[in-house]
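The values are calculated or read from the model by the stated rules, or taken from the named source; none is laboratory data. The structure displayed is predicted, hence computed values, not measured ones. Positions of Cβ are generated from backbone atoms using ideal geometry, with glycine treated the same way; all protein chains shown enter the neighbour counts.
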Amino acid sequence: MMGSIRLLMRSLLLAVLLAGLFAEAGTAFAARTILVYGDSLSAAYGISRDAGWVNLLGERLKQMHPDYTVVNASISGETSEGGAARIAGVLKQTRPAIVVLALGANDGLRGWPVQRTKANLAAIIRAAKREKAQVLLVGMQMPPNYGPDYTEGFRRTYEQLAREERVPLVPFLFEGIALDRDMFQDDNLHPNERAQPALLDNVWRGLQPMLSRASMPPASSPTGRHAATEENANAGRAAGVRGPGAADRAQGAAG
């Protein structure tokens, strides 16, 4: 009789311990969120939301990295300034492991000084880092009618920011489609549904190396602090995603 009671107690204790482990694992699983933080180019403007590149990213992750989910906090018409103003609340709500930062196109279309955009994007990156999130910066370029000085300065802003903040860079979201009119809606600004897989592939080249870092030591440990310093920059170098865009002409984004 006593043996049966002891066996029952051990079984109950084991069940409690396992429940705690599964709960802890479930919390870690839920924490693996990829936050896409952009404008209309990431918000599926003018097309079905299901066809947008962010939704396609979610579908790809289900197949290749099911321990990650995607939260799309992109807003059509968003600027880097608007993004900087709301980033703290979004980070608090989503607790992302990775932030895909794809803002600045609307700044360029409005002719904002590039230093203004750079400062806002830097503020977003630093806020994400304070929350222990990795950051992937997605670059944009302006059409040539903005003049060579502005278009070149705008393009270089993303490269400089990625280098200074030590984050990987996708140089140009529209790489490979910018010169193809058939890939754009009637406004010649927003990519259509046919273009979305190409946008996903451009982002994926920078994102994929970052997905394996979920098992790294926490940033509070000496090893983790070193890893947190290096991980963003190393991801971009490993994927070969840094460097100038190949297209001679760029498209912008409108609200």
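Do we find a residue being under 15 Å from the mean Cα position of the chain (by Cα), modelled with pLDDT under 95 and buried (at least 18 other Cβ atoms within 10 Å of the Cβ) anywhere in region 212-233?
Yes, there is a match, as at least one residue in region 212-233 is under 15 Å from the mean Cα position of the chain (by Cα), modelled with pLDDT under 95 and buried (at least 18 other Cβ atoms within 10 Å of the Cβ).
Could you pull out the residue among GLN160, GLN185, GLN196 that is surrounded by 17 or more Cβ atoms within 10 Å (Cβ to Cβ) and not hydroxyl-bearing (Ser, Thr, Tyr)?
Just a single option satisfies the conditions, and that option is GLN196.
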